[in-house]
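Note sheet for the following structure.
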Amino acid sequence: MTLQPPKSNTSATTSGCFHLKQRNVHYSTQHKYSQNMEVATTKGVLSHLSRLEVQKRSLKSQPQQPGGVKALRATVEALLTQRDQLRAEIQTHKNIKKLRVSMDKQCTNEEEETEEGMDEDSENSNLLRLMARHTQLKDLLHAHNVVGGYNVVKTRQGKGVCVSVATFYEGVYLNTYNLEIDVKPTVRISRHNVPPFIPLNNLAEQSNMQTDLRTLLDPLSQHLNAFAGRQQQFKFVKELHKSVEVMESNVLCSLLVLKFTVPREKTAVLCSLDYTDCTRSLPTRVHFESDGRICLVQKFPRLYITCHLADAFIKRDL
Amino acid sequence: MDDSAKRLLQRLMRRIPTPTLRSALEKWGRLTTEQQKSMDFTQSKWALTERLLGICEENELAVKQLTDLEMIHVIDNPDQGMWYAFQLMDPEDDAKSVDLTQFKEQFKSHLRELVRNVSIKMKKHTDEAVWIRIAWGDTFSRPNHLKPTYIVHYLQTPYVFVTSITSKQKPLLSQALVLSTRYQAIKDANLSGRKLTAIRDLLMKKYQQVFPTKYPIPPPENNQTISTFVLLFIDQHIEKEQAELAANRLQMACEAFGGGMLPQLQSAVYKLETKFRDHSNKTMTEREEPFRCVVKFTSTNLLESFRHCASSGIASTPVTPLLSCIPLKGRNYFLITDNGPGPSSQRGQPQV
């Protein structure tokens, strides 16, 4: 099962189901009014007046009151049930809020077991608990997005944090890198498992991490994700295209030289990919060479620069 | 074949054990299939050496081809000899775009400028490591192939691993490395060991590290065998009571040293320069010179031993920074001095 990488800027929206019901009520009365107006204009004013007269006479003969009263009573009942429903929803929201307060407290003090006495029966209280948990998770997700999507854990009684930077490529999660950072007295990286070819010290020096940790984490995440992307592309090319020979590569996957044969002409072509910008997983320069001279194949370089390595190889074969 | 080639071959045959000899010869590719078949690997080493000598004379192989064979053997068996780690400092802007061809050319030209007669061989291994073999000579003598230096470097990383180098050769090698990798300086990383793979994995962070999470790691499986044995003698209730404490200790031990398989370091050396602090012994406390002592830990797998000490409670947790800085800083040689201002200071903070 593959997890989806986090999307940015999703704000939680609450659904208001009772709003819909109100609109429905409005709609039905409006419809009746417009219908009457239509009838009046098409048939002429005098005929309308005569019809009203007939209606009045029939009203006098018929016991109009019970029918009207019935309809009114029905509407009164409908409105009463609606009011009860709304009242119940308000009560639920209040209960959920109370539950949330106790739930949040439970999360921070893990030893305490505060049980809020619920007046409802157990089924209702379970449902309420679920709804409260749902809102709690939505808030957590929102906070997570605000932090920039990094998992942060408090360590050493609040004197430090451990930040996890996840890497992914094309929807598949790859390695996770961790940084243990001291917060007091100054912000300082104490331990990490970032490989040495990622310039972490440089990024730390150039960042503003004493005031905003994200000035370090965002460029670091860029570097790590770009590296993960390049590494995956390289792996795919090696696995999917066995005819491609790797002439040169490095641990950072930033300088690659591949040899492949053009299928129809059977000539060997040397393809050099230069990823000078280490924050990107697309090459900055692609160079083709065949029999010691530079290829005149002009459409290929654009292909390699705009799409990823393995895809480019597939497109080339077609 | 001249004498030096014969001596080199004999030395090689002494160095290469018979089980790995066949694969090394195949990779070398200098023997024809009949010659390969004619080598009887059940014979004694001496007999094999003689046979190989004969084959090399048939094929007119010289020192150059024999050094290929040596390099193949060393690359496939890197965990022999003593390896020392060095760290390159202050990269220039173009350090990260140094490619293999440029590095090779620059290194060879710089080293040849510094040393008259030197034989350099460079080979790229499949795991992106660049292997360099240097046979040193000087103005008057030819390169000595019986005592070569081997160097391993991964491009775009600041680490270099070296074996079998003398103090006279070190500055020459350092200069050539610094210039060809486009860094500004090189220093001793204070990490050494018999296994290249271990010190490489430690510096390149290729082993599994453990970080604080909300959910501590479950205890490893081998603990179960120990606990079932111990249960015969210890009450099960005690085990249950101690379970949480044991889990905490294990978590702290793994955070300090790592989880899973750890790089196999063999020793750690602490050189202490401190002041004698027992006031009942005036002669010792009144010495001007610092009190020197050396503490050395040795083991077949030092980090594993430390981790087990911490997780079983022999060493107190949280793990002291003196021990946990071995994997943290990637070094196993430490010089610890006092921070205090004079011989009469009461509190000296150990400074690493």
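Observations, loosely collected:
- Among B:242-249, B:183-190, sorting by the average number of other beta carbon atoms lying within 10 angstrom of each residue, highest first, gives B:183-190, B:242-249.
- Residue mean of other protein chain beta carbons inside 10 Å, B:152-159: 4
- Partner shielding of A:194-204 amounts to 3, given as the average count of beta-carbon atoms from other chains within 10 Å of each residue beta-carbon.
- Environment charge at B:Tyr333 (Cβ cut-off 12 Å; Lys +1, Arg +1, Asp -1, Glu -1): +3
- Taken over the C-alpha atoms, the stretch A:116-254 has Rg and Dmax values of 21.1, 74 angstrom.
- Distance violations [Cα-Cα > 21 Å] among B:Lys6/B:Lys45; B:Lys121/B:Lys147; B:Lys6/B:Lys147; A:Lys235/B:Lys124; B:Lys27/B:Lys205; B:Lys121/B:Lys205: B:Lys27/B:Lys205; B:Lys121/B:Lys205
- C-alpha long axis of helix B:236-257 to longest principal axis of chain B, angle in °: 50
- A Förster distance of 25 Å, applied to the separation of the beta-carbon atoms of A:Glu289 and B:Lys206, puts the FRET efficiency at 0.15.
- Estimated FRET transfer efficiency when R0 is 45 angstrom, pair B:Ser299-A:Arg100 (beta carbons, to 0.05): 0.25
- Within a straight-line Cα-Cα reach of under 20 Å, A:Lys154 can be paired with the following lysines, leaving aside sequence neighbours fewer than 8 residues apart in one chain: A:Lys105, A:Lys184, B:Lys214.
- Between 0 and 90 degrees, the angle of helix B:3-15 with respect to the longest Cα principal axis of chain B falls at about 40 degrees.
- For chain B, the average shadow cast by the Cα convex hull is 27.4 nm², which is a quarter of the hull's surface.
- The slack in the chain from B:Arg112 to B:Gln236, taken as 0.36 nm per residue of separation less the alpha-carbon distance, amounts to 37.6 nm.
- The angle separating the long axis of helix B:100-114 from the principal Cα axis of greatest extent in chain B is about 80 degrees.
- For the stretch A:151-227, the spherically averaged projection of the C-alpha convex hull amounts to 5.1 nm².
- Rg/Rh for the stretch B:1-150 stands at 1.01; both radii use Cα atoms, and Rh follows the Kirkwood definition.
- Based on alpha carbons, the Rg and Dmax found for the stretch B:243-348 are 16.9, 51 Å.
- For B:Phe291 and A:Glu170, the FRET efficiency from 1/(1 + (r/R0)^6), where r spans their Cβ atoms and R0 equals 45 Å, is about 0.15.
- For the stretch B:27-180: accessible area per residue (Å², 1.4 Å): 49
- Annotation: for a label point projected 7 angstrom from Cα along Cα→Cβ of B:Thr213, residues of the stretch B:253-280 with backbone N closer than 19 Å are B:253-262.
The values are calculated or read from the model by the stated rules, or taken from the named source; none is laboratory data. All figures in this text were calculated on a predicted structure; none of them were measured in a lab. Glycine also receives a Cβ, built like all others from the backbone with ideal geometry; neighbour counts cover every protein chain displayed. Note: accessible area is taken over every heavy atom of the protein model, side chains too, but ligands, DNA and RNA are not part of it. Shrake-Rupley method; radii C 1.70, N 1.55, O 1.52, S 1.80 Å.
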